[in-house]
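Nothing in this text is a laboratory measurement; each read-out follows from the coordinates by a stated rule. Note that this is a predicted model, so its numbers are computed, not measured. As a convention, Cβ positions derive from the backbone with ideal geometry for all residues, glycine included, and neighbour counts pool all protein chains shown.
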Amino acid sequence: MKHLVWSVLFFMLSLAHAQEKDNLKINLPVTKYKLQNGLTVLLHEDHSVPLISYHTWYKVGSRDEAPGITGSAHMLEHMMFKGSKNYPGKSFDRILHENGIVNNAFTTYDYTGFYETLPSSKLEMMMQIEVDRMSNLNLNPDDLQSEREVVKEERRWRIDNNPMGLLMETVMGTVFKTSNYRWPVIGTMKDISDYKIETLRNFHSTYYVPNNAILVLAGDFKTSEAKRLIEKYYGPVAYRPMPRREYPRETTQDTQRNASVKKDVQGISFTVAFGGVPNAHPDMYALDLAANILGNGSSSRLYKRLVYAKQTATSAYSYDSTMQDQGVFAVGVNLKPGVAMQESLDLVYQEIWKMRNKLVTDEELAKAKTQVMKEMVDGLTTIDGKARALAVNEIMTGSYENLFKDLDKYNAVTAEQVKDVSNKYLNQNQRSIVVLEPKAKKE
């Protein structure tokens, strides 16, 4: 534990001199190999605590769905906890709880992940359980019916009754018109209501196979022993041919798009969004820094101008979100009750114009780089964070090793590059304006 703390402390101190030091590195010793059935394995030993972070990620998300079955990947995530051949019903959760194992899962546009944090002595037991639900999952209509209601309530909580969630869903559906990113990860309420058990069985048998998965272990184990167990339990799982996956490309946007939604809110919120770039695209690094300078935190340009100077907004932010095939660059503003939108929208346009036409300062760029680097390092201070970072880079970029190159790529970005990508992607003909406004008061 002391070694980890001092390593992180040394790295954090180095960040303060990021501009003077060109040799900042992230380096995690990793053993990578592939089983004959196609399962990709990443192993990282870390004996700082007697725990193991166990991640099983599948290369399937909502972009692998189609109209009529949206949200299938997310629903199957829920069904993966309903029991398997050798661990039926609630025995999965019971066994994990009795053995001090914490677990959860998530679904994104591009992948689905299942993860556990377990005592290092429980590795073999955990492997038996995960292999069983990969190859012998129980999928029955009664479980689907009960879980359907859980997911419908989750959708109400996250989106239908959540104004900001609804705003985000509308942003994605406005920016994307042909891409599979246009529908929500959780699915539409109609599709959730109409799922058939056969659809989920087909989805599981197609995508939840070893040659479409990665296994990442980080923590207190010996690599030789982990490899022996992985071969013993995962080795016999059959390889299955994958269907050819062709995703519709987003059409080029050549005119501004507008959308609005009304909810019971006090003030107006709006988002100005642009089509961005895929994960690991060469322009991603400069776009990330542009978003940071525009709207990351209370010292950002938008926050200082709209929240502090004009005092028309309660918050202002910007982000660059990258998926497998494309991304979204967005600016968001939450206005105070009773404040009209146009003046603040014009100020957002002005700040975007500055990004396109003037160089950011050396101080702004250095600060943005330090913030991005700090976030990366903070994410690697736990074994779960390490496992997660390795998994996402392996799935999204094709190699976990790209994680180790990112610091250099961010550090190499110049003010001219920030200006160039702002000009390339943040133009008015390719923007979408989505407004969340209060419902009209009833007389």
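Here the spin labels are modelled as points 7 Å beyond Cα on the Cα-Cβ line, and at Ala340 and Lys263 they lie 2.6 nm apart. If R0 is taken as 35 Å, the Cβ-Cβ distance between Asn202 and Lys405 corresponds to a FRET efficiency of 0.35.
Each peptide in 218-224, 91-97, 245-251 was scored by the mean count of other Cβ atoms within 10 Å over its residues; highest first, the order is 218-224, 91-97, 245-251. Max-minus-min Cα coordinates of segment 159-272 on each principal axis give 58, 35, 33 Å, with the largest extent listed first. For segment 343-415, a simple Cβ point-charge model (Lys and Arg +1, Asp and Glu -1, everything else neutral) yields a dipole of about 160 debye relative to the Cα centre. Given (i) 1.13; (ii) 1.04; (iii) 0.96 as candidate values of Cα Rg over 2.2 N^0.38 Å, which corresponds to the one derived from the coordinates? Derived directly from the coordinates: (ii). For Thr70, the amide hydrogen comes within under 5 Å of the amide hydrogens of Thr188, counting only partners 5 or more places away or on other chains and with H modelled in the peptide plane.
Output the relative contact order of the chain, whole-number percent, from Cα pairs under 8 angstrom with separation of 6+ residues. The value is 22 percent.
Ordered by packing density, taken as the mean number of other Cβ atoms within 10 Å over each peptide's residues, highest first, how do 380-392, 112-124 rank? Mind showing how you got there, number by number?
On the way: 380-392: 21.3, 112-124: 18.5.
Ranked by mean Cβ neighbours within 10 Å, highest first: 380-392, 112-124.
Extension gain for His281-Ala366 works out to 28.5 nm (0.36 nm per residue, less the C-alpha to C-alpha distance).
The Cα center of segment 419-443 and the Cα center of segment 327-397 differ in position by 17 Å. Between segment 132-154 and segment 164-227, what's the alpha-carbon centroid distance in Å? Cα centroid to Cα centroid, the span is 14 Å. Between helix 2-15 and the chain there is an angle of about 20 degrees, using the helix long axis and the longest principal axis of the Cα atoms.
Helix content alone sets the calculated 222 nm mean residue ellipticity of the chain: runs of n ≥ 4 DSSP H residues at -39500 (n - 2.57) each, divided across all residues, give -12500 deg cm²/dmol.
Between Ile214, Trp183, Gln266, the Cα set farthest toward the positive side of the dipole of segment 141-275 (charges on each charged residue's Cβ, about the Cα centre) is that of Ile214. Of Gly276, Tyr319, Ile352, which is farthest on the positive side of the dipole of segment 276-375, counting Cα position, with +1 on Lys and Arg Cβ, -1 on Asp and Glu Cβ, and the Cα centre as origin? Farthest towards the positive end: Ile352. Under 15 Å from a point placed 7 Å out from the Cα of Ala238 along the Cα-to-Cβ direction: which residues of segment 30-69 have their backbone N that close? Answer for this model: 37-38. For Ile268, nonlocal amide neighbours, meaning residues 5 or more places apart or on other chains whose placed amide H falls under 5 Å from its own, are Leu335, Gly338, Val339.
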